[in-house]
Amino acid sequence: MIIDSHTHVYPEKVAARAIDTMEAISATHGLRAVSDGTKASLIKSMKENGIDYSVILPVATRPEQVESINNWSVEQHNPEEGLIFFGALHPDFESFEKEIERIAGFGFKGIKFHGEFQQFRIDDEKMMPVYQAISDAGLCLFMHAGEELLTHCEHRATPKMIANIAKRCPELKIVAAHGGGFRMWDEFLEFVAGNLNVWIDISMTPGYIDDETRDKIFEKHGWERIMYGSDYPWMKQETALKYILDLGLSEEKEKAILGENVAKLVF
């Protein structure tokens, strides 16, 4: 079983505009989408690469988007088709407890936050009741971590901040994307690696992280909490998949990273 733990899709009517906007912002980095960002394109990619499931992570950039995004997501959520949606929430959404309850009722297993796109420091004190409510609902917290190629702003989602959240909400299951902190991997190694309640995906790390640092993370954090992920449509699913397959891991570790570890969070 292969599960891509980190993907994005957009409604067909706004997909082209969303892709164009983010490509324009990231022009200095040369980051380009590998598809049109629609659900159909993701399903096609999954079939071509033998991927059984993709976890889709919507982000609400304004509080008023939260309910409509979650309504759309539950309409698209279809594990039989291999599509597993997470819920969206915004740090300024006032009725967060009610929406978390609604998200859990949909059968979603987690909620995605993005400190850079949503413009908030992820370990802000005001967020602790939100995170605790997510934990109490039995959901996991999926966080962008580290630098962001699609924005130009201060760092609002560092590994140190992930460590603060984990300390304040010790029962909360956290996924720190991009190897625990994109281009902040030394900080992840120092402050987070080894935390049993933090999982990481490898999305957007191929081509950016050096082999020595990657191996240190795998060893110190433990392969049981490392997950295959692509960040599609910002990286090809096959690129991230080949990255894992080329590591020469044991069959046990390879199976765990490609699907078994994330399966524990989403099934």
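If you go through segment 170-186 and keep only what is surrounded by 19 or more Cβ atoms within 10 Å (Cβ to Cβ) and either closer than 24 Å to MET235 by Cα or out of contact with any strand residue (DSSP E or B) (no Cβ under 8 Å at 6 or more places or on another chain) (or both), you end up with ILE174, VAL175, ALA176, ALA177, HIS178, GLY179, GLY180, GLY181, PHE182, MET184, TRP185.
When LEU249 is tested against the conditions (1) in contact with a Lys or Arg (Cβ under 6 Å, 6 or more places away or on another chain); (2) farther than 27 Å from SER41 by Cβ, the lone failure is (1). Restricted to helices (runs of 4 or more DSSP H) entirely inside segment 202-267, those with at least 2 residues that are out of contact with any His (no Cβ under 6 Å at 6 or more places or on another chain), surrounded by fewer than 18 Cβ atoms within 10 Å (Cβ to Cβ) and free of Cβ contacts under 8 Å to residues at least 40 places away in the same chain are 211-221, 237-245, 251-255. When ALA33 is evaluated against the numbered criteria (1) of a type in the set (A, V, I, L, M, F, W, C); (2) out of contact with any strand residue (DSSP E or B) (no Cβ under 8 Å at 6 or more places or on another chain); (3) surrounded by fewer than 18 Cβ atoms within 10 Å (Cβ to Cβ); (4) more than 28 Å from GLU94 (Cα to Cα), which criterion, by number, is the only one it fails? Going through the list (1) of a type in the set (A, V, I, L, M, F, W, C); (2) out of contact with any strand residue (DSSP E or B) (no Cβ under 8 Å at 6 or more places or on another chain); (3) surrounded by fewer than 18 Cβ atoms within 10 Å (Cβ to Cβ); (4) more than 28 Å from GLU94 (Cα to Cα), ALA33 breaks only (3). Annotation note: Cβ proximity below 7 Å between a residue of segment 62-80 that is aliphatic (A, V, I, L, M) and a residue that is at pLDDT 95 or above and not in a strand (DSSP E or B) (sequence gap 6+ or interchain) occurs for VAL66/ALA60; VAL66/LEU89; VAL66/HIS90; VAL66/PHE93; VAL66/GLU99; ILE69/PRO58; ILE69/ALA60; VAL74/PHE106.
Quick grid of which residues meet (1) under 16 Å from the mean Cα position of the chain (by Cα); (2) closer than 26 Å to LEU241 by Cβ:
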residue	(1), (2)
GLY138	no, no
ARG168	no, no
GLU171	no, no
GLY181	yes, yes
TRP199	yes, yes
THR213	no, yes
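When you check GLY194 against the structure, is it touching a His at 6+ places or on another chain (Cβ under 7 Å), surrounded by fewer than 21 Cβ atoms within 10 Å (Cβ to Cβ) and modelled with pLDDT of 95 or more, yes or no? In short, yes. Give all pairs with beta carbons closer than 6 Å in which a residue from segment 48-59 that is part of a loop (DSSP other than H, G, I, E, B) meets a residue that is of a type in the set (Phe, Trp, Tyr) and at pLDDT below 95; count only pairs at least 6 apart in sequence or on separate chains. Pairs found: VAL59/PHE117. Consider ILE122 carefully, then state whether it is at pLDDT 95 or above and either surrounded by fewer than 21 Cβ atoms within 10 Å (Cβ to Cβ) or assigned to a helix (DSSP H, G or I) (or both). Here the answer is no, as ILE122 does not meet what is asked. For the residues GLU154, GLU147, the requirement of being modelled with pLDDT under 95 and under 15 Å from the mean Cα position of the chain (by Cα) singles out GLU147.
If you go through segment 106-123 and keep only what is farther than 13 Å from HIS90 by Cα and over 15 Å from the mean Cα position of the chain (by Cα), you end up with PHE106, GLY107, ASP123.
What number of residues in segment 72-95 are out of contact with any strand residue (DSSP E or B) (no Cβ under 6 Å at 6 or more places or on another chain) and in a helix (DSSP H, G or I)? Count: 7. Tell me yes or no: at least one residue of segment 160-169 is within 16 Å of LEU196 (Cα to Cα), in a loop (DSSP other than H, G, I, E, B) and either in contact (Cβ under 8 Å) with a residue 24 or more places away in the chain or among the polar types (S, T, N, Q) (or both). For segment 160-169, residues within 16 Å of LEU196 (Cα to Cα), in a loop (DSSP other than H, G, I, E, B) and either in contact (Cβ under 8 Å) with a residue 24 or more places away in the chain or among the polar types (S, T, N, Q) (or both): present. Going by what's in this entry, would TRP199 be described as of a type in the set (Phe, Trp, Tyr), under 22 Å from LEU31 (Cβ atoms) and in contact with a helix residue (DSSP H, G or I) (Cβ under 7 Å, 6 or more places away or on another chain)? So TRP199 does not fit the description; no.
On inspection, GLY115 passes the criterion of being small (Gly, Ala, Ser) and modelled with pLDDT under 95.
Does GLN132 satisfy the condition of being farther than 29 Å from ILE244 by Cα, surrounded by fewer than 24 Cβ atoms within 10 Å (Cβ to Cβ) and at pLDDT below 95? Spell out the reasoning first.
Numbers: farther than 29 Å from ILE244 by Cα: yes; surrounded by fewer than 24 Cβ atoms within 10 Å (Cβ to Cβ): yes; at pLDDT below 95: no.
No; evaluated as a whole, the condition is false for this residue.
The values are calculated or read from the model by the stated rules, or taken from the named source; none is laboratory data. Here the structure is a predicted model, which is why all the values come from computation and not from measurement. Note that each Cβ is placed from the backbone with ideal geometry, even for glycine, and that neighbours are counted across all protein chains shown.
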